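The values are calculated or read from the model by the stated rules, or taken from the named source; none is laboratory data. Quantities reported herein were computed from a predicted structural model and do not represent experimental measurements. Cβ coordinates were reconstructed from backbone atoms using ideal geometry, including for glycine residues, and neighbour counts include every protein chain displayed. Ligands, DNA and RNA are stripped out before the accessible areas are found, and what is left, the full protein with its side chains, is counted by its heavy atoms. Shrake-Rupley method; radii C 1.70, N 1.55, O 1.52, S 1.80 Å.
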Amino acid sequence: MDETELLKHIYARSEGSIGGHVLIGPGDDCALVRAGAMDVLLTTDQLVEGRHFASETPIEMIAHKAIARSISDIAAMGGMPSFALVAACLPENYAHANALFDAMHLSVQGFGCPLVGGDIASHAGPLVLTVTVMGAAHEQRGPVLRSGAEVGDDVWVTGKLGGSYASGRHLTFTPCLIEARALCDELGEYVHAMIDLSDGAGRDGGRVAMASGCAIELDEAALPMHQDVADWQHALGDGEDYELFFTTAPGVQINTLEATRIGRCVEGEGCWLIDRAGTRHDVSTLGWDHSG
Ligand SMILES: [Mg+2]
C-alpha cells in the first residue's frame, strides 16, 4: 500500500471524529482542535535516519531538520508555533543523545517555541525523531486550509524549487513562518489555500487540487528553480523544498513577501504542468512517497 492509499484509509476512519472539539481533522498540514477556550493547531512529523537524513549528518543539522519540518506545517496553515514535544527512538548505545537534545532545544528557541516534553526509547535500529508542535492560527485570517482553492485562483510559490536533498538544503532550510504571516496580514481572506512543499510541488499541488475539488495548472516558464536544478521534473518532483505553495483570488498583487505566480486553478482534477511547447503533463504523482 502506498502512502496516499494508507492516508485515505486513515482519513476515512477519522471522519466520525470531526465535530465537537475537532475543527479540522486528518488530511491538512495541521489539525485544529479546541482545548477549553483556545483553538490549537497540532502537527507531528517523523525524521528517520537513512530515509530523511544520511547517517553522517552533523547532529545540529539533524536537530534543526526534525524541528523545522514540524514548524513548517504550522506555517502552512498561516499559524505561529507555541510549544514542541519530541519523542526520540535512539539506536542502542547512541553516544550523541545529550548533544542532540541540546541542539533541538536551541532550534526551538529560535522559533519562539519551547520544548516542553517528550519521550526517549532505544532500539536496534536507526535514529527516529518524532516532533509534535502546537501553535495558533492567524488571529484575523484563521487557519488557511488545503481545501480552499477555487477555480480561477492564481497559484503562487515562495522561494525556489528543486534539488533540496542533493544540495543539502533540506538540512538548513528556514520554515516560512514570517512569509505565511505576512501573507495572511496582507491578503486575509484572499489567501484561499496553502500547503508547505514537503513532497514536491507536483504531488503537493495535487493534494491542494484534490482537497479543493479543482485542477491546478503550472507553467514551466514561470517555475522559479534553483541554479543546480536542470528541469521541471526535478523542480516539481524532488521534494523537501519547504516553500509555501498557495492560491489567491484572481488578480491579487502581493507586496510584503517575495512570491512567484506559477499557475492557476481550473475545472477538473489533478496537478498539471504546461511545458514550453504547450503540452500538458500530469504531475500529481511526481515527488516523494514517504512509505516507499
Ligand atoms: Mg505539510
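Among the residues of the stretch 77-124, those that are in contact with a Gly (Cβ under 7 Å, 6 or more places away or on another chain) and either in the same structural domain as Ile195 (by TED's automatic domain parsing) or open to solvent by 50 Å² or more (accessible area, probe 1.4 Å) (or both) comprise Met80, Leu85.
Residue-wise test of (1) outside the structural domain of Tyr242 (by TED's automatic domain parsing); (2) modelled with pLDDT of 95 or more; (3) within 14 Å of the ligand (Cβ to nearest atom); (4) farther than 14 Å from Leu257 by Cβ.
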position: Cys176; (1), (2), (3), (4): no, yes, yes, no
position: Arg203; (1), (2), (3), (4): no, yes, yes, yes
position: Glu217; (1), (2), (3), (4): no, yes, no, yes
position: Ala222; (1), (2), (3), (4): no, yes, no, yes
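So which of Leu23, Leu42 is in a strand (DSSP E or B) and either at pLDDT 95 or above or polar (S, T, N, Q) (or both)? After applying the criteria, what remains is Leu42. In the stretch 49-63, the residue that is nearest to the ligand (Cβ to nearest atom) out of those that are part of a helix (DSSP H, G or I) and surrounded by fewer than 21 Cβ atoms within 10 Å (Cβ to Cβ) is Met61.
As a summary of the residue check, Gly268 satisfies the conditions (1) free of Cβ contacts under 8 Å to residues at least 60 places away in the same chain; (2) open to solvent by 20 Å² or more (accessible area, probe 1.4 Å); (3) within 16 Å of the ligand (Cβ to nearest atom) except for the one numbered (3). Residues that are part of a helix (DSSP H, G or I) and either acidic (Asp, Glu) or more than 16 Å from the ligand (Cβ to nearest atom) (or both) within the stretch 184-201 comprise Cys184, Asp185, Glu186, Leu187, Gly188, Glu189, Tyr190, listed in sequence order.
Does Leu273 qualify as being under 20 Å from the mean Cα position of the chain (by Cα) and at negative phi? Spell out how you get there, then give the answer.
Values: under 20 Å from the mean Cα position of the chain (by Cα): no; at negative phi: yes.
Considered against the rule, which asks whether it is under 20 Å from the mean Cα position of the chain (by Cα) and at negative phi, Leu273 comes out as no.
Inspect all residues belonging to the stretch 28-48 and state whether any of them is open to solvent by 60 Å² or more (accessible area, probe 1.4 Å) and among the hydroxyl-bearing types (Ser, Thr, Tyr). Within the stretch 28-48, one or more residues are open to solvent by 60 Å² or more (accessible area, probe 1.4 Å) and among the hydroxyl-bearing types (Ser, Thr, Tyr). Within the stretch 218-261, the residues that satisfy the criterion of being acidic (Asp, Glu) and buried (at least 16 other Cβ atoms within 10 Å of the Cβ) are Asp219, Glu220, Asp238, Glu240, Asp241, Glu243.
Within this structure, Val155 passes the test of being crowded, with 23+ Cβ neighbours inside 10 Å and among the β-branched types (Val, Ile, Thr). Only one of the numbered conditions (1) more than 20 Å from Ala180 (Cα to Cα); (2) within 19 Å of the chain's Cα centre (by Cα); (3) of a type in the set (A, V, I, L, M, F, W, C); (4) open to solvent by less than 30 Å² (accessible area, probe 1.4 Å) is violated by Ala215, and that is (2).
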